[in-house]
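Before any comments, here is the structure.
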Amino acid sequence: MGSDDALFGIHGTALQIRSQRMSMLASNIANAATPGFKARDIDFNKALDAATSQQAGSVDDAVESNVGYRVPVESSLNGNTVELPVEQTQFAENAVQYKTTLQFLQGRVDTVMQALKGDQ
Amino acid sequence: MSTPMSVFDIAGRAMSAQIVRLNTVASNMANAGTVSGSEATAYRALKPVFQQVSDAPGVSTVKVTQVVQSNTQPTKRHDPDNPLADKDGNVWDAGVDSAAELVDMIETQRQYQNNVQVMQTAKQLTLDTLRIEK
């Protein structure tokens, strides 16, 4: 995967990581009542760094090596480390950031479209 | 992480699991007032067992592996007039803790709602992504 896409820069990679993080946070929310479940999350900054600096290796590898376990604010008796307020906040934040990345991409696409159509 | 489960799989299957849980709460509440002639045949609350299902690290949903009877003991009550009473005049009330069931129901509702919200957000973002060049 080319780290510096000529057209989209880091935004394509960022969108992929945001999407995978959304799945992971959805998993945490889905398993809110599963005994013993350990909530996980991606360190976005590190994953993006790894994905954009790596010579070889895919975005998936970069994500996989930057997945960690959530440290609960207060541990529960059944070993489940999902804290819904935390997960919901992270999910909402990630959704907004996905949307933002999408806006950047949209801007690039609009620019190219304008260039293709010429000045009308 | 070649083909991870989509957010729709994750939230959808979690919603199914929560529905099973809601069903057990419904049958427990429905049977809360039942009376039985012996301790063995008395109704005991049903509880679903949730288990994590994963096909990639960090991406997992939940399923109900089995529904088990709870350990809540039926309560013995002396009621000789009851036609179901045994020779000592005792009947057994269903082993259901109504308060605990209500709490379970509220928790189920909240978690179902959370998963609906996740799905709605994922749907909106997917549609936004599809519309990027328009």
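The values are calculated or read from the model by the stated rules, or taken from the named source; none is laboratory data. Just so we're clear, the structure is a prediction, and the values are computed from it rather than from any experiment. Neighbour counts run over all protein chains shown; Cβ positions are idealised from the backbone, glycine included. We work out accessible area using only protein heavy atoms, side chains counted, and drop any ligands, DNA or RNA first. Shrake-Rupley method; radii C 1.70, N 1.55, O 1.52, S 1.80 Å.
Structure data summary
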| read-out | value |
| --- | --- |
| Calculated on alpha-carbon atoms, Rg and Dmax of the protein assembly as shown in Å | 25.2, 98 |
| Rough spin-label spacing in nm, given labels placed 7 Å along Cα→Cβ, for A:Ser75 and B:Met29 | 3.5 nm |
| Relative counts (whole %) of C-alpha pair distances in chain B, using bins that are 5 Å wide | 2, 10, 14, 14, 13, 11, 9, 7, 6, 5, 3, 3, 1, 1, 0, 0 |
| Under 19 Å from the Cα of B:Lys63 - aspartates and glutamates, other chains or at least 8 residues apart | B:Asp9, B:Asp55, B:Asp104, B:Glu107 |
| Chains B and A, summed buried accessible surface - 1.4 Å probe, Å², nearest 100 | 2500 Å² |
| Delta accessible area of at least 20 Å² on complex formation, residues of segment B:4-19, 1.4 Å probe, chain isolated as reference | B:Val7, B:Ile10 |
| Residues of segment B:1-105: accessible area per residue with a 1.4 Å probe, Å² | 52 Å² |
| A:Lys99 - accessible surface, heavy atoms, 1.4 Å probe, Å² rounded to 10 | 80 Å² |
| A:Val112, B:Val53, B:Val25, B:Val103, ranked by accessible area, largest first (probe 1.4 Å) | B:Val103, A:Val112, B:Val53, B:Val25 |
| Percent antiparallel among DSSP beta bridges (both partners in the protein assembly as shown, rounded to 5) | 95 percent |
| The protein assembly as shown: calculated mean residue ellipticity at 222 nm from DSSP helix runs of at least 4, using -39500 (n - 2.57) | -17500 deg cm²/dmol |
| Förster radius 35 Å - calculated FRET efficiency between A:Lys46 and B:Ser70, Cβ distance, rounded to 0.05 | 0.20 |
| Span from the segment A:12-71 Cα centroid across to the segment B:57-92 one, whole angstrom | 43 Å |
| Alpha carbon Rg of chain A, scaled by the compact-globule rule 2.2 N^0.38 Å | 1.30 |
| Nearest-ten-degree value, helix B:7-30 long axis tilted from longest Cα axis of chain B | 10 degrees |
| 0 to 90° range, to nearest 10: angle between helix B:98-130 axis and chain B longest Cα axis | 10 degrees |
| Of all accessible heavy-atom area on chain A, the percent that carbon and sulfur account for (1.4 Å) | 54 percent |
